[in-house]
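As structure tokens, the structure follows; a few thoughts come after it.
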Amino acid sequence: MVTVATLLLLRHGRTTANADGGLAGRQPVELDETGRAQATAVGERLKPVPLAAVVTSPLIRCRQTLELALPEAAPVVEDGLIECGYGSWEGQPLKKLAKEPLWPVVQQHPSAAVFPEGEAMAAMAARAVASVRAWDARVTAEHGAEAVWLACTHGDVIKAIVADALGVHLDLFQRIVADPASVTAIRYTPLRPFLMRLNDTGGDLAALVPPPRKRRRRAARPADSDAAVGGGAGATAR
């Protein structure tokens, strides 16, 4: 595989809305006690990983996650990673929303879903994918192909990015799971993305760090008495 930068997608820790069964959307909900513990734990897993860059959704639950997981980092806010705009659905219980006519569309045909007074899911997916691909190119250009960088964002955003990486239609993205404080890893090669990890909540993240490139040693010129036998691309014409 071609050596390229590695993107780690980190979902924020559990929030009060997650615990209560509500749809937080872009509301300023914060991590609950479990979420803070999750953020601290994923920080321990990330310690062996040298991060070339850290970017985050502007919402407080993502910033709180990074404050606990990577206290020495200086995250850059990336608006393209913000949660989907659920409009008038935000703040409502999921049990209530499940009775809305739009709910089956969101679950089975999300590419057609446009939230009342909110954002289209297809628009969310497009701007999220564009954001991480642009950041990946920037990190690669500035830090090299062995760089690892991290983006802290939201469940639906991660699922949309993963669907794009897998080359599947957005209508299938509800089959993908991104739990709170999970890590998903993607590498964007010139030909295709590779999904390295998905919804990882306990694996060894140090294994995702590419080994340093080995410098090619210049081959010694063979003596005249050791002339290559036979033809081929490596043979020297005399």
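The values are calculated or read from the model by the stated rules, or taken from the named source; none is laboratory data. Small disclaimer: the values here were computed from a predicted structure and weren't measured. Virtual Cβ from ideal backbone geometry, glycine too; neighbours counted across all protein chains shown. To get the accessible areas, we keep the full protein, side chains included, count just its heavy atoms, and leave off ligands, DNA and RNA. Shrake-Rupley method; radii C 1.70, N 1.55, O 1.52, S 1.80 Å.
Within the stretch 45-62, how many residues are open to solvent by 30 Å² or more (accessible area, probe 1.4 Å) and either among the polar types (S, T, N, Q) or more than 25 Å from Gly144 (Cα to Cα) (or both)? Explain how you work it out, then say what you get.
Filtering the stretch 45-62 for residues open to solvent by 30 Å² or more (accessible area, probe 1.4 Å) gives 45, 47-48, 50-52, 58, 60.
Narrowing further to those that are either among the polar types (S, T, N, Q) or more than 25 Å from Gly144 (Cα to Cα) (or both): 58, 60.
Total meeting the criteria: 2.
Could you give every pair whose Cβ atoms fall below 9 Å, whose first residue belongs to the stretch 64-88 and is in contact (Cβ under 8 Å) with a residue 24 or more places away in the chain, and whose second residue is open to solvent by 50 Å² or more (accessible area, probe 1.4 Å) and of a type in the set (Ser, Thr, Tyr), counting only separations of at least 6 or pairs across chains?
Close Cβ pairs satisfying both conditions: Leu68/Thr40; Ala69/Thr40.
Run down Thr6, Thr15, Thr65, Thr34 and say which single residue is in contact with a helix residue (DSSP H, G or I) (Cβ under 9 Å, 6 or more places away or on another chain), modelled with pLDDT of 95 or more, open to solvent by 10 Å² or more (accessible area, probe 1.4 Å) and of a type in the set (Ser, Thr, Tyr).
Residue meeting the stated conditions: Thr34.
Sort out which residues of the stretch 180-221 are open to solvent by 80 Å² or more (accessible area, probe 1.4 Å) and modelled with pLDDT under 90, and write them in order of number.
Result: Pro211, Pro212, Arg213, Lys214, Arg215, Arg216, Arg217, Arg218, Ala219, Ala220, Arg221.
Would you please name the residue that is nearest to the chain's Cα centre (by Cα), looking only at residues in the stretch 110-130 that are crowded, with 21+ Cβ neighbours inside 10 Å and in contact (Cβ under 8 Å) with a residue 24 or more places away in the chain?
Top of the filtered list is Ala128.
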